[in-house]
1. Taking the Cα-to-Cβ direction at Gln73 and at Arg103 and moving 7 Å from each Cα, how far apart do the two end points lie in nm?
2. Assuming a ≥ b ≥ c are the square roots of the Cα gyration tensor eigenvalues, decide whether the chain counts as rounded (a/c under 1.5), prolate (otherwise, with a/b larger than b/c) or oblate.
3. So how do Ile36, Ile326 rank on accessible area, 1.4 Å probe, biggest first, that is with the largest at the start?
4. What does DSSP give for the chain in terms of the percent of beta bridges that are antiparallel, rounded to the nearest 5?
5. Please arrange Tyr229, Tyr106, Tyr111 by accessible surface area, largest first, computed with a 1.4 Å probe and ligands excluded.
6. Answer rounded, prolate or oblate for region 1-72, using the Cα gyration tensor with square roots of eigenvalues a ≥ b ≥ c: rounded when a/c is under 1.5, else prolate when a/b is larger than b/c, else oblate.
7. Once ligands and nucleic acids are excluded and a 1.4 Å probe is used, how much of Glu37 is accessible, expressed in Å² to the nearest 10?
8. Which FRET efficiency, nearest 0.05, do Lys331 and Glu240 yield, Cβ-Cβ r, R0 30 Å?
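The values are calculated or read from the model by the stated rules, or taken from the named source; none is laboratory data. In this text the structure is predicted, and so the values were computed from the model without any measurement. Cβ placement follows ideal geometry from the backbone for every residue including glycine, while neighbour counts extend to all protein chains displayed. For accessibility, only protein heavy atoms count, side chains too; no ligands or nucleic acids. Shrake-Rupley method; radii C 1.70, N 1.55, O 1.52, S 1.80 Å.
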Amino acid sequence: MRILVAPDSFKGSLTSAELCRIIRNGMEKVLEAEVIEMPISDGGEGFLESICSIHPYQLEFVNAKDPLGRWIQAEMAIDYEKKTAYIEMAKSTGLTLVNEKERNPYQSFSYGVGNLILHGLDKGCRTFVIGLGGSATNDAGVGMLSELGVVFRDESGKPMTIELLEDIRKIARLDLKQVDTRLFEAEFLLATDVINPLCGENGATYIFGPQKGIKKNDLYNIDRIIFHYGTVLERQFQKELLTQEGAGAAGGMPASFLALFQTKICRGIEILIETSKLKEILPSINLVITGEGKLDKQTYNGKVIKGISDFVKPSSIPVVAICGKIELSRKELKELGLTAAFSICKGPISLEESMKEARGFVEELAENMAELIKVSM
């Protein structure tokens with residue numbers, strides 16, 4: 001029997017690679033089977049790890065600024081043969097890089113993504129696959145553009161220094177004279193599972209701002225700041241951005257990419273499937289085990305479980321999900337293409353405790369699943 005284990009991470013608890021190993025260990029304790037590990041990411045945290053588990057790309061450690069402008073070492077991967085750079089936004093601009101006491105979304109910027117892109121350019125890359133998600137920023141890519149050489153000018157034409165989100169409201173025009181011309185020859189593929197627009201009640205600020213530390217009373221004001229920036233981009237570059245599906249990912253980061261460069265927003269899971277050997281190995285697989293932290297309505301929007309289920313469905317191979325929490329009905333699970341779904345939690349338990357004990361819970365569940373498979377063989 002061949003079992004494919006292809007989960008997303010349990011955010012803040014276990015990476016997708018760790019989940020693969022734990023599920024495999026649990027299965028092999030009980031069942032004689034070949035368990036194939038394939039860590040998957042929808043574009044957020046773990047994206048780089050997933051890519052490098054599939055391909056032996058060279059990891060590069062690059063000097064990059066964190067969300068507060070401090071220099072750190074951030075990882076990226078390069079496929080020198082295809083001149084392609086793989087960047088995970090969270091490695092330079094992630095929420096986990098700033099401890100809770102330091103988190104200040106009003107002064108956090110996406111500088112590091114710009115630093116990583118410049119490194120890729122210097123290494124000869126002209127295609128950039130960027131995993132969005134897990135960011136600490138809500139600057140719509142302003143910090144990134146400043147590192148790439150964009151000069152922001154106010155109504156009087158004077159150059160501006162952007163130090164606060166509030167400063168974005170004063171931007172009247174983007175001066176591109178100092179921007180590296182190689183950027184306009186490059187192609188950017190933005191990997192995300194988010195379909196939210198840039199602004200409004202379903203936009204970047206309202207939906208994702210609170211988890212980054214934006215206070216409820218400030219949501220309207222900051223959303224208006226990002227709306228202003230979006231209108232500046234639309235007017236100057238003659239592109240529709242405010243209503244673009246997915247522009248609200250990663251604090252509105254796609255808006256700047258879409259305005260200035262050759263950019264395509266892609267489902268992160270589709271990029272992982274396309275670059276992996278899933279198509280080759282699937283015909284020999286008897287069971288697929290996937291998973292992510294929570295199964296809910298958002299799962300339908302291109303998250304890992306939905307992507308894996310859609311990919312496997314034509315092959316009629318059973319797909320089972322392991323999750324921290326399940327909020328979907330049995331009917332909805334079937335609509336997703338899942339044969340079954342299991343929560344690792346045994347009973348009432350706090351989020352903190354479930355995250356702390358996740359490793360043991362997952363392995364025990366994997367053993368129980370293996371016992372069931374063994375009986376049915």
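1. 2.7
2. Taking the square roots of the gyration eigenvalues as a ≥ b ≥ c, the chain is prolate.
3. Ile326, Ile36
4. 35
5. Largest accessible area first, the residues go Tyr106, Tyr111, Tyr229.
6. prolate
7. 70
8. Efficiency for this residue pair is about 0.20.
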